[in-house]
1. If the Cβ limit is 8 Å and pairs must be 6+ apart or interchain, which residue in region 88-112 that is in contact (Cβ under 8 Å) with a residue 40 or more places away in the chain pairs with which residue that is surrounded by fewer than 16 Cβ atoms within 10 Å (Cβ to Cβ) and among the aromatic types (Phe, Trp, Tyr)?
2. Select from region 17-44 the residues that are of a type in the set (Gly, Ala, Ser) and part of a loop (DSSP other than H, G, I, E, B) and list them in ascending order.
3. Please work out which residue is nearest to SER109 (Cα to Cα), limiting yourself to region 21-80 and to residues that are crowded, with 16+ Cβ neighbours inside 10 Å and of a type in the set (Lys, Arg).
Amino acid sequence: MAVVAVGLAAATMAGSAPALAEGSWSSYIKEWGLNSESRRWTDNHLDRAATTVTLSKCNFYGDGGTDIGLFRDISFQPDAKFGAQVNICSTSNWGEMKTKGSYYFKKTSSGKLSATTVTTRY
């Protein structure tokens, strides 16, 4: 069963995020399967910071990595896709999001994934 921490850290400003970054949050992933989704966050495009997802202390259950895709929620339509990236317990970087909106990432490959720390910056 996919689990995302409910008690997520609130979006933070300077200090834990890169200079001028709008926000960030941290959580963990436990036994995610295909299409498991993260929490959603709002990027108001107040800066030029890249959107990144960093996985730390990962378990790929025998696989060498996983694919993580970034999406923007669009009501009553298919969500906007920004592509998937292979993550081998590292950082995936989609660059600056130029459209305000509610974003999320999800596991887009088969197999399972656990990560002790997941840090999303935007």
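1. Hits for this filter: GLY111/TYR61; LYS112/TYR61.
2. Our first condition is that a residue be of a type in the set (Gly, Ala, Ser); within region 17-44, this holds for 17, 19, 21, 23-24, 26-27, 33, 36, 38.
Listed by number, the residues that qualify are ALA19, ALA21, GLY23, GLY33, SER36, SER38.
3. LYS30
Read-outs throughout are calculated quantities, based only on the coordinates presented, and are distinct from any laboratory measurement. Since the model is a prediction, treat every value here as computed from it, not as a measurement. All Cβ positions, glycine included, derive from the backbone under ideal geometry; neighbour counts span all protein chains shown.
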